[in-house]
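Below is one structure, written out as structure tokens; comments come after it.
The values are calculated or read from the model by the stated rules, or taken from the named source; none is laboratory data. Just so it is clear, the structure is predicted and the values come from calculations on it, not from any experiment. Note: ideal-geometry Cβ built from the backbone for every residue, glycine included; neighbour counts use all protein chains shown.
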Amino acid sequence: MFEEGTLTRVAEREAIAVSAASKRLLELEQAVGAALFERKARGMALTPAGETLLHHARRVLRDVENIGIELAEHASGVRGYVRMMANLSAIVEFLPEDLRAFLSMHDRIKIDLEERPSGGIVEGVADSLVDLGICSGEADTRGLETAHYRRDRLVIVTPREHPLTRRDSVSFADTLDFDHIGLHSASSINMRTHLAARQAGRALRLLIHVPGFDAVCRGSGGHGRRRAAAAGIRGDGPPARSRRRRAR
């Protein structure tokens, strides 16, 4: 109904009478206890309840399709699936090499990896949507079984002639005099930097949120990245090359 817009077109597509299509819609609305469509002069429009049902119906159809795909792969020799969620840092820095090594030893196992913020990863594992997750060590894991995976080193990225580049070492508190470019608001790095700023008794001067480390580097005037950027620091100098200092 949502795709066709009118009962007449639905009836034509399904090769049934318009009255039969109308009856089926009425029975569905009675079953869920809410109106799913508004009858308008130019067709049918979803109600809020209809939008909710459409969202879940699409997910069910997608899951049914995935069941068929996965079972077909089992028939062709695949022995198992591992469903994972991981935060951006793990996906960028560690997982490509680790997953490649794992798959070289277990070539009949398929891995479904999805990027999520740490809070969403814990939710996904707790709700059994995935088999395992890789999140920040500071995330509330709600009593789930945990094990240490990797330790990440965070750095700042600045333009070449930024004032901080004249120092031999830079503490995080030193960066708080300047505008920051940070990762998206739900990321563990963003939450950790805000916490560190509060612990230093300062406010984080966040200029903009960006979706990934490359965007942090480009926004701050750096080119390229070898390790994860804790924050991009804006400055007035020309962005000839990136300058990295360890943040204590």
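Worth a mention:
- Scanning region 97-134 for residues that are in contact with a Gly (Cβ under 8 Å, 6 or more places away or on another chain) and over 24 Å from Ala72 (Cβ atoms) yields Arg116, Ile121, Val122, Gly124, Val125, Gly133.
- Exactly one residue out of Leu132, Leu183 is modelled with pLDDT of 90 or more, of a type in the set (A, V, I, L, M) and touching a helix residue (DSSP H, G or I) at 6+ places or on another chain (Cβ under 9 Å), and it is Leu132.
- Residue in region 114-134 that is over 19 Å from the mean Cα position of the chain (by Cα) and not assigned by TED's automatic domain parsing to the domain that holds Ile181 present: no
- When region 83-124 is filtered for residues that are among the β-branched types (Val, Ile, Thr) and closer than 17 Å to Arg150 by Cβ, the ones remaining, listed by number, are Ile91, Val92, Ile121.
- Tabulated pairs, region 59-71, first under 13 Å from Lys110 (Cα atoms), second aromatic (Phe, Trp, Tyr), C-beta under 8 angstrom, 6+ apart or interchain: Glu70/Tyr81
- Looking across region 168-211, the residues that are among the small types (Gly, Ala, Ser), buried (at least 17 other Cβ atoms within 10 Å of the Cβ) and touching a residue at least 40 places away in the same chain (Cβ under 8 Å) come down to Gly182, Ser187, Ser188.
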